[in-house]
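Trainee: Please find one structure pasted underneath; my questions will follow.
What follows is calculated from the coordinates using simple rules that are stated; it is not laboratory data. Source: prediction; values computed, not measured. A quick note on method: Cβ atoms are made from the backbone with ideal geometry, for glycine too, and the neighbour counts reach across all protein chains shown.
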Amino acid sequence: MSEIKVNKISPRTACGTTTLGDSGDTFTIPAGVSITNNGTASGFGATGSASWNTTVKTGDFTAVAGEGYFVNTTSGEIDVALPAGTAGAVVAVKDYANTFDTNNCILVPNGSEKIGGVAANAKLSIEGQAVTLVFIDSTKGWLVTDSGLQSDADNNPFIVATGGTITTSGNDRIHTFTGPGTFAVSAIGACAANNEVSYVVVAGGGGGGAGITTSSGAGGAGGYRETKSPVTPYTASPLDGQPSAPNRITVTATSFPIVVGGGGAGGAAAPSPPVSPGTNGSNSSFSTITATGGGRGAKEVDAGGNGGSGGGGGGIGSGTPAGGCGNTPPTTPAQGTNGGTGGANPAQGGGGGGGATVAGGAGSGSSGGNGGAGATSSINGTPTTRAGGGAGANSYGAGSVGNPGPGGGGTAGNDNPAGNGTDNTGGGGGAVGGCAPNGVKAGGTGGSGIVIIRYKFQ
């Protein structure tokens, strides 16, 4: 085998052409040999391939056949002037910053040449888009031979979602809904464990009852549902539903409607009897989880309403009107507790509304019942108590007013107005004490609910 060693091969005439071998010949490049191209290559490799230019383009430019370009349209639309077409010429373009949907990349044909058979500009407007174009002939011009999105190479191990007010805590993302909305999951994680989310769902609290001669009952807290995913490190409430399968939510790439319940109205004020009870709070929900609205507070001499937590019973001259039943309908763990019973003479105190973790206190002959305590969770990054029961009231100033459960309704008593439940905690509305000379007094309004979703995002 003969061997020729030279440093350079040039054509005999200036700007001439040098041909290697004849048709049918084979040239072999041994292993370990590198070939560097500093010019324009054509006819090498598979048809439709491009050599990528790694200098990112941030403004209008003219493409060179055989090259691919990373185009950054963050600052505005960019025009890419295509070269004069020759059969087999290749140009490729890739969305560098995932901004083609905001600021388009415009492909501009040379002169009267065509793109896809049309003598007009073409627009790239999809986030993350990449296209390869090959010039075919004067009829069709440049045709797209390859097209793809960055999402086609999905390597994100975590959930991607929108909806509500979004905050972060460590490696977790938190979506807080204080009204109806949509938790829209656009991508799920590659690791199945990361697709289980933590949540708190709290319904609206019940309204407190109205009173005129004896005390009314306080509203019960909205139902409280929580389940903590093992991959989200925060301190959950005692009502954490793990590891029970029915309470766990593993999301898919779809949209989840969010319902946030409003608080129940307090019993209406009127210049004379009859008095009226409060109304139940409304349900909140996320996926398969529903929290039931809090039970209404009783009007005087009446029983409290059933609900997520029960409403308190009204005061009465004799006997003890029952508080409403909590955890209605039943869940495991229980979503709430019972309301307190109403009291008898002399003060005829109203029963306190049930809370998420503690039942409402009974009214007595000397005071209104305490509102049941709520549940404390750090799902939003800060220990926060929600779903406390409203406070029961005394009557005629004889005795004391109950305390609201943390996160619950305000106090009331004698001729004082009832306190409202705290919005976005599901607190029960406060009760009112009777004071006949001043007419019927309205019960407190229940607080609206809340839905919070938390998951690992990095």
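Trainee: Filter 94/140; 94/114; 57/140 down to the pairs with a C-alpha to C-alpha distance above 24 Å, please.
Mentor: Checking Cα-Cα distances, 57/140 exceed 24 Å.
Trainee: While we're on this one: So how do 357-368, 79-90 stack up, highest first, on mean other-Cβ count within 10 Å?
Mentor: Sorting 357-368, 79-90 by mean packing, highest first, produces 357-368, 79-90.
Trainee: Can you give the net charge of the other residues whose Cβ lies under 12 Å from the Cβ of residue 247, counting K and R as +1 and D and E as -1?
Mentor: After counting each charged neighbour, the total is 0.
Trainee: Also, quick follow-up: Convert each backbone phi in region 100-111 into a coupling constant with the Karplus relation 6.51 cos²θ - 1.76 cosθ + 1.60 (shift: θ = phi - 60°), then list the ³J(HN,Hα) values in order as whole Hz, x for Gly and Pro.
Mentor: Listing the rounded values in order: 4, 6, 8, 10, 6, 9, 9, 8, 10, x, 6, x Hz.
Trainee: If contacts are Cα pairs under 8 angstrom and at least 6 residues apart, what is the relative contact order of region 51-153 in percent?
Mentor: The value is 23 percent.
Trainee: For residue 228, go through the aspartates and glutamates and keep the ones whose alpha-carbon is under 20 Å away, minus same-chain ones fewer than eight residues off.
Mentor: 172, 196, 240
Trainee: Given charges of +1 on the Cβ of Lys and Arg and -1 on the Cβ of Asp and Glu, with all other atoms neutral, how large is the dipole of region 51-153 about its Cα centre, in debye to the nearest 20?
Mentor: Result for region 51-153 is approximately 160 debye, rounded to the nearest 20.
Trainee: A follow-up question, please. Take the alpha-carbon centre of region 206-283, take the same for region 153-196, and report the distance between them in whole Å.
Mentor: 24
Trainee: Can you give the Rg to Rh ratio of region 191-251, both from alpha-carbon atoms, with Rh computed by the Kirkwood formula?
Mentor: Radius of gyration over Kirkwood radius for region 191-251 works out to 1.25.
Trainee: Which net charge results when you count Lys and Arg as +1 and Asp and Glu as -1 among the other residues whose beta-carbon is under 9 Å from that of residue 234?
Mentor: Spelling it out: positives minus negatives among the neighbours equals +1.
Trainee: Please compute the net charge surrounding residue 458, taking Lys and Arg as +1 and Asp and Glu as -1 over other residues with Cβ under 15 Å from its Cβ.
Mentor: Taking every Cβ under 15 Å from that of residue 458, the sum is +2.
Trainee: Here is a follow-up. Based solely on C-alpha atoms, express the radius of gyration and the Dmax of region 51-153 in angstrom.
Mentor: When restricted to Cα atoms, region 51-153 yields Rg and Dmax of 12.6, 36 Å.
Trainee: Please provide three numbers in whole Å: the alpha-carbon extents of the chain along the principal axes, with the largest listed first.
Mentor: 122, 48, 28
Trainee: Once you place label points 7 Å from the Cα toward the Cβ at residue 54 and residue 108, how far apart are they in nm?
Mentor: 2.9
Trainee: Further question on the same structure: Can you sort 105, 191 so the residue with the fewest Cβ neighbours within 10 Å comes first?
Mentor: Ranking 105, 191 by Cβ neighbours within 10 Å, fewest first, gives 191, 105.
Trainee: How would you order 440-447, 220-227, 2-9 from highest to lowest mean count of nearby Cβ atoms within 10 Å?
Mentor: My ranking of the peptides, most packed first, is 220-227, 440-447, 2-9.
Trainee: In square nanometres, what is one fourth of the surface area of the convex hull spanned by the alpha carbons of region 195-309?
Mentor: Hull-based average projected area comes out at 8.4 nm².
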